[in-house]
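Reviewing the structure listed below.
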Amino acid sequence: MRRFVADKAKTLISRSRTTCSSSSPITTSTSVLQRLTSSSSQSQSPAVLRFLSTSSDSMASDYSSTPITLNNVNPKVLKCEYAVRGEIVNLAQKLQQDLKDNPGSHPFDEILYCNIGNPQSLAQQPITFFREVLALCDHPLILDKSETQGLFSADSIERAFQILDQIPGRATGAYSHSQGIKGLRDTIASGIEARDGFPADPNDIFLTDGASPAVHMMMQLLIGSENDGILCPIPQYPLYSASIALHGGTLVPYYLDEETGWGLEVSELENQLKTAKSKGINVRALAVINPGNPTGQVLAEANQREIVEFCKKEGLVLLADEVYQENVYVPEKQFHSFKKVARSMGFGEKDISLVSFQSVSKGFYGECGKRGGYMEVTGFSPEIREQIYKVASVNLCSNISGQILASLVMSPPKVGDESYESFAAEKEGILSSLARRAKTLEDAFSNLEGVTCNKAEGAMYLFPRINLPNKAIKAAEEAKTAPDAFYARRLLNATGIVVVPGSGFGQRPGTWHFRCTILPQEEKIPAIVSRFTQFHKQFMDEFRG
């Protein structure tokens with residue numbers, strides 16, 4: 001979202017939020033935009049001041065005659081927020097450009113992006129087998145060249161032939177079926193069946209451009225008005241709050257228990273459901289993120305059984321965000337899909353409505369830019385399935401490279417394949433390094449004054465809690481920003497480290513956090529720890545007492 005810093009823009013934003021955005025019966029956050037647009041000029045670096053000046057100048061042009069203004073734009077868009085790519089990140093990008101244009105102008109020489117789960121942007125290398133197959137599929141003419149045998153593994157060549165035979169016209173540049181290429185859905189269904197030990201139907205699978213469009217698709221299906229609610233975890237990945245806002249529904253929060261490692265208590269679900277119903281909210285679904293984002297916890301199977309029972313009893317659709325299923329770093333925890341749990345409890349197709357989301361962006365593959373993913377939709381009537389397909393068909397189809405990658409993720413090389421040893425080594429190297437990085441950052445944060453950090457069990461993030469001095473909280477109030485956003489801004493200006501304020505994910509009132517990824521390359525982690533530790537000590541000394 002464009003950063004508005006001129007007084008005129010601030011006034012427009014305030015007025016538009018007052019007149020256009022009706023308050024939901026249940027709300028958990030305030031405007032990230034409003035929290036971050038104001039800040040004490042004394043804390044800004046020269047680059048930030050230049051940015052503010054440039055932005056103010058750009059606002060001087062009069063756009064009052066244009067047909068769309070903040071007074072008549074869709075209020076649902078104004079209400080929508082996405083902190084992961086919010087104001088702190090915009091500022092970081094300006095600082096990065098300033099470092100390039102004016103070397104030595106800041107107390108750091110690079111921006112360290114710890115704000116988003118984007119592994120390859122931070123130098124993680126793609127999986128060789130996946131990229132070989134993609135290259136061969138995209139340029140099939142080289143399959144017939146003699147040199148190809150020496151450049152590509154035999155199993156990648158064989159897989160490319162198999163995939164091309166499944167694509168009408170053998171053309172990756174053509175549209176596919178709106179659910180995705182049938183042969184690739186067959187492969188994914190087989191992979192799900194191998195993972196869970198229960199049958200999977202390729203007709204239940206909708207291939208999408210990452211998991212996000214699948215979430216939006218389900219929100220379109222479930223939300224008809226602001227009286228329709230979705231139970232979402234707090235803290236939550238902002239995709240859910242943004243999607244609910246865009247589609248005009250109500251986010252019904254349930255709080256994860258930080259004291260028990262971000263546990264999900266069914267009693268909390270029951271209380272929030274009861275409260276929502278008392279306010280006239282028709283709760284349609286429960287969203288669960290496992291492993292957790294931003295909190296990094298991995299649910300125990302017994303807890304998952306309780307959640308399935310709750311959804312069955314209350315007649316809720318279970319939306320299972322399982323995009324971090326490969327990212328589990330502790331031996332005492334293991335990923336179990338909600339579908340596997342539900343089937344093991346004896347619940348069949350007609351007993352519970354369940355949507356499972358998967359993506360090629362996370363795990364050890366990190367193919368965010370390829371935009372591949374899928375949802376497996378079970379427990380819906382044929383009539384509703386037709387409606388889901390109709391919504392999918394509006395977008396024609398997801399991109400073919402992403403579809404291919406989704407099939408490869410669910411059907412990687414096996415023992416005996418030429419690529420297996422290199423694939424296994426790449427996978428193990430990435431996941432073991434992520435586990436080490438997570439532990440190093442966890443320990444570092446836990447050693448900071450006033451900071452507590454739960455164990456990093458999975459996913460790609462840590463979500464430490466900061467107990468800020470009252471003086472810092474008052475300074476944030478004077479700057480008209482949330483205390484954790486104030487902290488994150490000061491951290492960025494002093495160190496070049498980019499984190500996301502916890503207020504962008506939701507948190508219990510009176511607590512403050514930040515989300516930090518574990519994705520910077522392992523050799524950069526010591527520098528992050530050193531910079532962070534030095535900054536935090538100086539910050540606490542400045543605002544102590």
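Quick notes
- For the pair I384 and K480 in one chain, pulling the backbone fully straight at 0.36 nm per residue adds 29.9 nm over the alpha carbon distance.
- Relative contact order computed over the chain (Cα-Cα under 8 Å; 6+ residues apart), in percent: 21
- Extent along principal axes [Cα atoms of the chain; Å; largest to smallest]: 64, 59, 56
- Normalised Debye scattering of segment 119-225 at q = 0.15, 0.17, 0.18 Å⁻¹ gives log10 I(q)/I(0) of -0.85, -1.02, -1.09, counting only Cα atoms as equal scatterers and leaving out solvent.
- Within the same chain, lysines fewer than 8 places from K100 are excluded, and of the rest, those with a Cα less than 21 Å from its Cα are K524.
- Working from label points 7 Å from Cα in the Cα-to-Cβ sense, the L151 to T533 distance is 4.8 nm.
- Between E306 and T452, the C-beta separation translates, for a Förster distance of 41 Å, into a calculated FRET efficiency of about 0.95.
- Looking at the chain, the accessible area is 42 square angstrom per residue; that uses a 1.4 Å probe and ignores ligands, DNA and RNA.
- Spherically averaged projected area of the convex hull of Cα atoms, segment 421-501: 6.5 nm².
- Over 26 Å between alpha carbons, listed pairs K340/K439; K277/K313; K76/K390; K279/K333: K340/K439; K279/K333
- Span-like helix ranges in the chain, DSSP H, alpha carbon extent 30 angstrom or more, Kyte mean at least -0.5: 420-446
- Modelled spin labels at S65 and V394, positioned 7 Å past Cα toward Cβ, are 3.5 nm from each other.
- Computed from the C-beta positions of E428 and Y175, the FRET efficiency with R₀ = 45 Å rounds to 0.75.
- For segment 337-393, the equivalent ellipsoid derived from the Cα gyration tensor has semi-axes of 25, 19, 4 Å, listed largest first.
- Ranked by how many other beta carbons lie within 10 Å on average, peptides 523-530, 144-151, 496-503 from highest: 496-503, 523-530, 144-151
- Projecting label points 7 angstrom from Cα along Cα→Cβ for A194 and D144 puts them 3.1 nm apart.
- Accessible-area order (highest first, 1.4 angstrom probe) of the listed residues K471, K79: K471, K79
- Stretchable slack from Q162 to D101, in nm (0.36 nm times residue separation minus alpha-carbon distance): 17.0 nm
The values are calculated or read from the model by the stated rules, or taken from the named source; none is laboratory data. None of the values given here were measured: they were computed from a predicted structure. Virtual Cβ from ideal backbone geometry, glycine too; neighbours counted across all protein chains shown. All accessible areas refer to the heavy atoms of the entire protein, side chains included, with ligands and DNA or RNA removed. Shrake-Rupley method; radii C 1.70, N 1.55, O 1.52, S 1.80 Å.
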